[in-house]
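Could you have a look at this structure, given as structure tokens, before my questions?
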2 protein chains.
Amino acid sequence: MPDSLAIDASDVRSAADLIQGIAVRTPLLEYQPLNEAAGGRVLVKFEGAQHTGSFKFRGAYNRLARIPKEARAFGVVAWSSGNHAQGVAAAAKLLGIPATIVMPADAPSIKLENTRALGAEVVQYNRLTESREKIARQLANTRGATLVPSFDDPFIIAGQGTIGLEIIDQARQAQAKVTQVLVCCSGGGLIAGIATAIKAAEPDIKLYAVEPDGFDDTARSLITGKRETVAPQATSICDALLTPSPGELTFPINQRLLAGGLVVIDDQVRAAMRFAFSKMKLVIEPGGAVALAALLAGIAPTADEDCATVVVISGSNVDPVLYAEIIAGR
Amino acid sequence: MPDSLAIDASDVRSAADLIQGIAVRTPLLEYQPLNEAAGGRVLVKFEGAQHTGSFKFRGAYNRLARIPKEARAFGVVAWSSGNHAQGVAAAAKLLGIPATIVMPADAPSIKLENTRALGAEVVQYNRLTESREKIARQLANTRGATLVPSFDDPFIIAGQGTIGLEIIDQARQAQAKVTQVLVCCSGGGLIAGIATAIKAAEPDIKLYAVEPDGFDDTARSLITGKRETVAPQATSICDALLTPSPGELTFPINQRLLAGGLVVIDDQVRAAMRFAFSKMKLVIEPGGAVALAALLAGIAPTADEDCATVVVISGSNVDPVLYAEIIAGR
């Protein structure tokens, strides 16, 4: 474990200052049926209300705004299954930076369309045979553009961490004593940022990474102490959470700050999406629902009595036909 | 027009004190894609996050909490297509009052199920051949129970008006200058309460009632100056907005305080539900979407430059199969 981590709480505060009034301060919501289902108080941080429908705008804006003025004209290049793509495209549009996004050809069409609608150029690749990273690096080198990683970057991690600052503030307003926070995990940038912010303010709060079955690389890495990878043939409906291993920068943070990893199966994710539809009236994409799924399926630890669990809903960009199938139970 | 209206702003403040910490203070949300679609700033008051998934809990709790202690054991009786039913059932449960709800046999099954799940007794009737009011009055008389009207009651109107107080407060926090508010209208209790609260604080804000085509009784009544009724064969997907005429208490308030009535057709409602799904990540039921529909369809006036329109999303209790059909565009 390295002595110094990629970011600390001051980086998150700096990101919060930068995105203030630009990113949405998303609501922290409470629902009686969810409290009853969980057997305790639950607060839901709803990043579906963030620009582009996921938390990714926060980190993308914090990263792009740090690019020196003279480098901006050469553009940015990112690779993403979809939410990071949209976050980068929206941030680039606001900052007047040309954006090119390398996206898997089998990404949900809503994510491809939205990325193009935000003015970005989309380059598609085959997720099973080509390397998105290689394609993106070549593009960036050819054009002199800045690469924008989806999680393994200090500014990206710090930007996502602003959610942690909002959670602390909003939980206080709601007079809730939070003892645990559940966050989805793919590359680990979101939970690393949130953990950095929360642990600095409230060291006793426990944070759990939640991953889909088959993509439990962070859960296993937290146990073995080294960065594990997923099996290449693994599949999941959680298209936003398919990163094959924890990040080089994110894992040391998560190793130091997290209480553990939890794993949910696709049917538990579908059940959580249906619960959010019927009882919370929120649209959640599969990857955005894993933390809620862990809570509803009884996989997450129960919060102490009179204390609260925070669940982060990370994103809501789901194809209408898939969503219709899931909520109608087909 | 009578000289004195059924409620004034002090009744709404009293209701707000009573429901404080019991009802949900629902979020006022802002979405860039909605601002772009509307050509100006829009703030969305999301009552889908209220207990039981609609605004009805506010008025129901304010009404039931005023029943004298000695009368509570005899219970309450209400009639409702569904949202008022759930609101009354939830308030009754909290206050320990037995509740009986008279509901149309063709109400969405989710509303029937949820009302029963909240502990209320449900009595079904045929909406086309029987009088729910008569059935409810007979039940109340037989049992000595208190009748809880769905809109024509001062405490109900005042309870719904608490939304108006929250809008004023939350719009100030969002540094928005609101010039108009769009609210769905059936019996008119919701908009009468909201208008009472808002006009007392900000007399220049204009309020518009939005109704489904065929159920434009308030729009026509505002023009003719007397309480008009709908044609008996009228139909709409907006099951929550099928009241045949404005209320005896609500209409004089709305006549004095509203700027006018707007009318939307079912396809505009479906389009608004799809927009809310894809761009706002909120589940909205048909009746809850009419104000948003009026804005997106260009039926509502445009807000003044640098000013904001508030749209009230009144409820989100929609059958999953119907919702799936609408968002998948079938």
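Give just the number: which of (1) within 13 Å of chain B (Cβ to nearest Cβ); (2) of a type outside the set (Asp, Glu); (3) surrounded by fewer than 21 Cβ atoms within 10 Å (Cβ to Cβ); (4) touching a helix residue (DSSP H, G or I) at 6+ places or on another chain (Cβ under 6 Å) does residue A:55 not satisfy?
Answer for residue A:55: the failing condition is (3).
If you don't mind, there's one more thing I want to ask. Kindly evaluate residue A:313 against the criterion of being among the β-branched types (Val, Ile, Thr), farther than 20 Å from residue B:328 by Cα and open to solvent by 40 Å² or more (accessible area, probe 1.4 Å).
So residue A:313 fails the test.
Okay, residues lined up against (1) open to solvent by less than 50 Å² (accessible area, probe 1.4 Å); (2) in contact with a Gly (Cβ under 9 Å, 6 or more places away or on another chain); (3) at negative phi:
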| residue | (1), (2), (3) |
| --- | --- |
| A:8 | no, no, yes |
| A:21 | no, no, no |
| A:30 | no, no, yes |
| A:36 | no, no, yes |
| A:41 | no, no, yes |
| A:44 | yes, no, yes |
| A:47 | yes, yes, yes |
| A:50 | yes, yes, yes |
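Separate question: Can you tell me which residues in the stretch B:127-178 are more than 21 Å from residue B:306 (Cα to Cα) and of a type in the set (S, T, N, Q)?
B:129, B:131, B:138, B:141, B:142, B:146, B:150, B:160, B:162
On the given criteria, is residue A:195 under 21 Å from residue A:28 (Cα atoms), more than 15 Å from the chain's Cα centre (by Cα) and in a helix (DSSP H, G or I)? Full working, then the answer.
Details: under 21 Å from residue A:28 (Cα atoms): yes; more than 15 Å from the chain's Cα centre (by Cα): no; in a helix (DSSP H, G or I): yes.
Against the criterion (under 21 Å from residue A:28 (Cα atoms), more than 15 Å from the chain's Cα centre (by Cα) and in a helix (DSSP H, G or I)), residue A:195 does not qualify.
Do you know which residues across the stretch A:18-55 are more than 17 Å from the chain's Cα centre (by Cα) and without any contact (Cβ under 8 Å) to a residue 40 or more places away in the chain?
Selection gives A:20, A:21, A:32, A:35, A:36.
Is at least one residue of the stretch B:203-217 buried (at least 18 other Cβ atoms within 10 Å of the Cβ) and more than 20 Å from residue B:300 (Cβ to Cβ)?
no
Follow-up question, since we're still on this one. Looking at the structure I just gave you, is residue B:221 open to solvent by less than 10 Å² (accessible area, probe 1.4 Å), more than 24 Å from residue B:166 (Cβ to Cβ), hydroxyl-bearing (Ser, Thr, Tyr) and at pLDDT 95 or above?
Spelling it out, residue B:221 is indeed open to solvent by less than 10 Å² (accessible area, probe 1.4 Å), more than 24 Å from residue B:166 (Cβ to Cβ), hydroxyl-bearing (Ser, Thr, Tyr) and at pLDDT 95 or above.
Of everything in the stretch A:271-303, what is basic (Lys, Arg) and surrounded by fewer than 24 Cβ atoms within 10 Å (Cβ to Cβ)? Give them in sequence order.
Passing the criteria: A:274, A:279.
Separate question: Go through A:83, A:62 for me and flag whichever is among the polar types (S, T, N, Q) and more than 14 Å from chain B (Cβ to nearest Cβ).
A:62
Continuing with the same structure: As an exercise: evaluate residue B:93 against (1) within 14 Å of chain A (Cβ to nearest Cβ); (2) farther than 21 Å from residue B:160 by Cβ; (3) modelled with pLDDT of 95 or more and give the number of the one condition it does not meet.
(2)
If I go through the stretch A:23-47 residue by residue, how many of them are among the acidic types (Asp, Glu) and assigned to a helix (DSSP H, G or I)?
Residues in the stretch A:23-47 being among the acidic types (Asp, Glu) and assigned to a helix (DSSP H, G or I): 2 in total.
The values are calculated or read from the model by the stated rules, or taken from the named source; none is laboratory data. Just so it is clear, the structure is predicted and the values come from calculations on it, not from any experiment. Backbone-built Cβ (ideal geometry, glycine too); neighbour counts: all protein chains shown. The accessibility values were calculated without ligands, DNA or RNA, using every heavy atom of the protein model including side chains. Shrake-Rupley method; radii C 1.70, N 1.55, O 1.52, S 1.80 Å.
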